[in-house]
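I have placed the structure first, in the form of structure tokens, so that the comments after it can refer back to it.
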Amino acid sequence: MPLRDRDTADDVQRLKALSWSGVGLILGIILGPLLNDRFGWPLLPSMVGAAAVLAGGIYAITRLITVGAGRAARTIHNPSGHSTPYAHSYSLAESMVAQGDYRNAATLYRDYIDADPTDGEACLRLARLVRDHLHQYDEAARWFRAARLRGKQSPRVELLITRELIEMALAQQHDPPRATPELARLVQRFPGTPEARWARQELAEIRKRIAEP
């Protein structure tokens, strides 16, 4: 399954454009009688025609704006079009999260990642966003793994990501067997650490429960 889930974000943008096109419908209904009074056009066709033209125009303009915003984000963060983008902060996406605009924040993080597929930090922030606010745990797991693979993570960050994957499987997904590959990875990658000892104990407990009739 691909990492990106653009359909959901695009559906949200389309719904927003449709909601704005409702303004065009209202204006068209108001404009119809004015056209009838000024030019003598039939009332009902004037109302329907004006509503259709205004609603369609507003929808098209809104879609151009929302699609352009994503392209602008990519241009800002990678203006030369080269494979190495400029360093950037995530303040705009974080402000969206603070305002509760989680889906558009997720879309913006995906734009950051499109501009720089090696941006492990954006992958990690996106993983936490979809886990904590959208509760899309399978999607979050994919982005956690992308953060671990795509960016040159320090051992400390790699360990943290692995812990977050394990804890999500245990606490949010309530599926201990799902955690076993990550527990085994933690034991193998970080032998001799307290985390490895904890992971070994968790693995033994999960395997014991699985073996129970």
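Just so you know, all these numbers are worked out from the coordinates, no wet-lab data involved. The structure displayed is predicted, hence computed values, not measured ones. Every residue, glycine as well, gets a Cβ built from its backbone with ideal geometry; the counts of neighbours run over all protein chains shown.
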* Asked: Based on the alpha-carbon gyration tensor of region 89-148 and its eigenvalue square roots a ≥ b ≥ c, which shape applies: rounded if a/c is under 1.5, prolate if not and a/b is larger than b/c, or oblate?
  -> oblate
* Between Asp37 and Arg189, what length comes free when the chain is fully extended (0.36 nm per residue of separation minus the Cα-Cα distance, one decimal in nm)? -> 46.8 nm
* Under 1.5 on a/c is rounded, so check that first for region 154-213, then, if it is not, pick prolate when a/b is larger than b/c and oblate when it is not; a ≥ b ≥ c are the square roots of the alpha carbon gyration tensor eigenvalues. => oblate
* Structure fact -> Along region 90-104, Karplus-curve 3J(HN,Hα) (6.51, -1.76, 1.60; θ = phi - 60°) to the nearest Hz, with x for Gly and Pro, reads 10, 5, 5, 5, 5, 5, 5, 4, 4, 8, x, 8, 5, 5, 5
* To do: Please give the peptides 152-162, 130-140 ranked by average Cβ packing (other Cβ atoms within 10 Å per residue), highest first, as a rough proxy for protection.
  => 130-140, 152-162
* Asked: Which whole-Hz ³J(HN,Hα) couplings does region 196-208 yield from phi under the Karplus relation 6.51 cos²θ - 1.76 cosθ + 1.60, θ = phi - 60°, glycine and proline marked x?
  -> 5, 5, 4, 5, 5, 5, 4, 4, 4, 5, 5, 5, 5
* In sequence order, what are the phi-derived ³J(HN,Hα) couplings for region 174-190 according to the Karplus relation 6.51 cos²θ - 1.76 cosθ + 1.60 with θ = phi - 60°, rounded to whole Hz, with x for glycine and proline? -> 6, 9, x, x, 4, 7, 4, x, 6, 4, 5, 4, 4, 4, 6, 7, 10
